[in-house]
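The values are calculated or read from the model by the stated rules, or taken from the named source; none is laboratory data. All of these numbers come straight from a predicted model, not from anything done at the bench. So basically every Cβ, Gly included, is an ideal-geometry build from the backbone, and we count neighbours across all protein chains shown. These area figures cover heavy atoms from the full protein model, side chains too; ligands, DNA and RNA do not enter into them. Shrake-Rupley method; radii C 1.70, N 1.55, O 1.52, S 1.80 Å.
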Amino acid sequence: MDAITAGSKQLLFSRERIPVVARALGSEARVMILDLLQKGPHTVTQLAQELGIAQPAVSKHVQILEEAGLIQTAPGTRERGATKLCYRTYNEIHFHFATLPEPALSDRLTLTIPVGGFSRCEVHPTCGLASAESLI
């Protein structure tokens, strides 16, 4: 279930979609593309110039972001012919993990261990804190 809150442009991804979106957000270049698109639509060429990344690499990043549903693209025209305009679709992204049931009380184990009630301690060389002659 992907839920969209239109007024605030929020996207809530269900558990099944999280790996796709996480992969899209897992690249610094793709996060930077999303930041640039916050200012408004950009062409792939403009993104490549502003990021200092080769245009084929930016095209691949745009494709991954589009497959994840984080941006949309539309054909556009410029002085030099057809181009692809990129738009950011959401301002906020939320991941929803289903609530897991609490384990039954019979599955739990509680231990009480007193702390500080010891008056004697022996250190042996194998622990790495002491040699045979002295403490390290």
Got a sec? Which of I64, I71 is at pLDDT 85 or above and either among the basic types (K, R) or in contact with a Leu (Cβ under 6 Å, 6 or more places away or on another chain) (or both)? I71
Hey, any hits in region 38-50 for a residue that's among the polar types (S, T, N, Q), in contact with a Ser or Thr (Cβ under 9 Å, 6 or more places away or on another chain), open to solvent by less than 60 Å² (accessible area, probe 1.4 Å) and touching a residue at least 40 places away in the same chain (Cβ under 8 Å)? yes
Residue ID - surrounded by the most Cβ atoms within 10 Å (Cβ to Cβ), chosen from residues in region 1-26 that are modelled with pLDDT of 85 or more and of a type in the set (A, V, I, L, M, F, W, C): A24
Just to be sure before I move on: is A29 among the aliphatic types (A, V, I, L, M) and either outside any helix (DSSP H, G or I) or modelled with pLDDT of 90 or more (or both) in the structure I sent? yes
